[in-house]
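Enquirer: Could you have a look at this structure, given as structure tokens, before my questions?
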Amino acid sequence: MAFLFNSDAARGAIFRQVFARELPDLEFHLSSEGVDPDKVRYLLTWNVPGDLSRFRNLEVLFSIGAGVDQFKPDTVPSHVKLVRMIEDGIIRMMQEYIVLGVLTLHREMLAYREQQRRGLWQALAASQAADRRVGFLGLGMLARAAIDRLRPFQFPLAAWSRSKKAVEGVTCFHGEDQLGNFLERTDILVCLLPLTEQTRGILNAKLFSLLRIGARLLHVGRGPQLDTVALVEALNSGRLAAAMLDVTDPEPLPESHPLWSHPQVIITPHIASVTQPLTAAQSVIENIRRHRAGKDLVGLVDRTLGY
Ligand code: GLV
């Protein structure tokens, strides 16, 4: 029985060490060369490496990232369990980035950056956190973790999700019908949705028109959720005051794209949260133990929902 690690060598070396210590009975491979494909029960990868059907006994496909939208449904046989990465490193980094982003947008750092560029020393009106309503699109594990870190600042917190959810201290909205009400009360919109056919292009002109004038966007979901033309228009018309983007479509944006040099935009190159090998290896091992014991896997993807 074998585990195949299909990602970068640096992280692979750490995985190998942790696996050797924790699961010595499981063969560990950093490359499919030299491994009998019939032995591969577990595969960890970002993308499907060629035709998966050559691993006839594959049981679990682990994504090395939190997202699984890169796996086209028809490339992963339905009997293979698809698992997204849930690990402390990803959670911690996403908490940091969202706190950084919300505070950056709340404290007008983009406007101050622009003032600095012009050599202008001038205080802007400061809203208090209790008056700045933060709203999360998506209320999965990462959003909940980020919300916990934001609580001490006293922003009024809300979230919108596809299905009904409840989180203490968070005003929860769900479903198409309640999206408008959620947007109407949101000053800083944080997008943490998974990419599905339903969420593709969700950050569009219509959605921006439902936000309050001067709202801000923090996008840490997936690039194809954002209509960049609509974003530029919303910024230029004053509908949106600022945006911080960690994901774009394509990645990177073309050199000439207006968002690169837009004074009201910060772009980071998809670094909000990155899988950390030590903690990720522990979490994959825990899941393999669960799998062997016939227990539910943490992060198991519902193939009909796509996340
Ligand atoms: C990054 O975007 C990930 O899916 O982990």
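The values are calculated or read from the model by the stated rules, or taken from the named source; none is laboratory data. In this text, all values refer to a predicted model and were calculated from it rather than measured experimentally. We place every Cβ from the backbone using ideal geometry, glycine too, and count neighbours over all the protein chains shown. When the accessible area is computed, the model is the full protein with side chains, heavy atoms only, and any ligands, DNA or RNA have been set aside. Shrake-Rupley method; radii C 1.70, N 1.55, O 1.52, S 1.80 Å.
Enquirer: If Glu96 meets every condition in (1) more than 13 Å from the ligand (Cβ to nearest atom); (2) outside the structural domain of Ala143 (by TED's automatic domain parsing); (3) open to solvent by 60 Å² or more (accessible area, probe 1.4 Å) apart from one, which number is that one?
Expert: Checking Glu96 against (1) more than 13 Å from the ligand (Cβ to nearest atom); (2) outside the structural domain of Ala143 (by TED's automatic domain parsing); (3) open to solvent by 60 Å² or more (accessible area, probe 1.4 Å), the one that fails is (2).
Enquirer: Leu58 is checked against (1) in a loop (DSSP other than H, G, I, E, B); (2) open to solvent by 30 Å² or more (accessible area, probe 1.4 Å) and fails just one. What number does that condition carry?
Expert: (2)
Enquirer: Quick check on the range 158-181. Is at least one of its residues in contact with a Leu (Cβ under 8 Å, 6 or more places away or on another chain), open to solvent by 60 Å² or more (accessible area, probe 1.4 Å), modelled with pLDDT of 95 or more and part of a helix (DSSP H, G or I)?
Expert: no
Enquirer: On to the next question. Name the one entry in Gly138, Gly50, Gly67, Gly119 that is surrounded by fewer than 19 Cβ atoms within 10 Å (Cβ to Cβ), within 16 Å of the ligand (Cβ to nearest atom) and of a type outside the set (S, T, N, Q). Steps first, answer last, please.
Expert: Numbers: Gly138 fails: surrounded by fewer than 19 Cβ atoms within 10 Å (Cβ to Cβ); Gly50 fails: within 16 Å of the ligand (Cβ to nearest atom); Gly119 fails: within 16 Å of the ligand (Cβ to nearest atom).
Exactly one of Gly138, Gly50, Gly67, Gly119 is surrounded by fewer than 19 Cβ atoms within 10 Å (Cβ to Cβ), within 16 Å of the ligand (Cβ to nearest atom) and of a type outside the set (S, T, N, Q), namely Gly67.
Enquirer: When you look at Val284, is it not small (Gly, Ala, Ser) and not assigned by TED's automatic domain parsing to the domain that holds Gly67, yes or no?
Expert: For Val284, the condition - not small (Gly, Ala, Ser) and not assigned by TED's automatic domain parsing to the domain that holds Gly67 - is not met.
Enquirer: Now a separate question. Among the residues of the range 242-258, is any assigned to a helix (DSSP H, G or I) and open to solvent by 10 Å² or more (accessible area, probe 1.4 Å)?
Expert: Keep residues of the range 242-258 that are assigned to a helix (DSSP H, G or I), which gives none.
There is no residue in the range 242-258 that is assigned to a helix (DSSP H, G or I) and open to solvent by 10 Å² or more (accessible area, probe 1.4 Å).
Enquirer: Moving on. Out of the residues in the range 44-62 meeting the condition of being closer than 16 Å to Ser78 by Cβ and modelled with pLDDT of 95 or more, tell me which one is nearest to the chain's Cα centre (by Cα).
Expert: Keep residues of the range 44-62 that are closer than 16 Å to Ser78 by Cβ, which gives 48, 51-53, 55-61.
Next cut, modelled with pLDDT of 95 or more only: 55-61.
Details: Phe55: 29, Arg56: 31, Asn57: 30, Leu58: 26, Glu59: 25, Val60: 22, Leu61: 19 Å.
Per the stated criteria, the residue is Leu61.
Enquirer: Right, next: Hey, among Ile288, Ile266, which residue is under 30 Å from Ala129 (Cβ atoms) and modelled with pLDDT of 95 or more? I'd like the intermediate steps shown before the answer.
Expert: Details: Ile288 fails: under 30 Å from Ala129 (Cβ atoms).
Exactly one residue qualifies, and that residue is Ile266.
Enquirer: Please verify whether the range 246-257 includes one or more residues that are among the aliphatic types (A, V, I, L, M), within 13 Å of the ligand (Cβ to nearest atom) and at negative phi.
Expert: To start, the set of residues in the range 246-257 that are among the aliphatic types (A, V, I, L, M) comprises 247, 253.
Then keep just the ones that are within 13 Å of the ligand (Cβ to nearest atom); that gives 247.
Now drop any that are not at negative phi, which leaves 247.
Yes, that holds for at least one residue.
Enquirer: Let me ask you something else. Would you check which residues across the range 259-307 are outside any loop (DSSP other than H, G, I, E, B), more than 23 Å from Tyr42 (Cβ to Cβ) and away from the ligand (no atom under 16 Å from the Cβ) and list them? Walk me through how you get there before you give the answer.
Expert: Restricting attention to the range 259-307, the residues satisfying the condition of being outside any loop (DSSP other than H, G, I, E, B) are 265-267, 277-292, 300.
Pick out the ones that are also more than 23 Å from Tyr42 (Cβ to Cβ) and you get 265-267.
If the condition is that a residue be outside any loop (DSSP other than H, G, I, E, B), more than 23 Å from Tyr42 (Cβ to Cβ) and away from the ligand (no atom under 16 Å from the Cβ), then Val265, Ile266 are the ones that fit.
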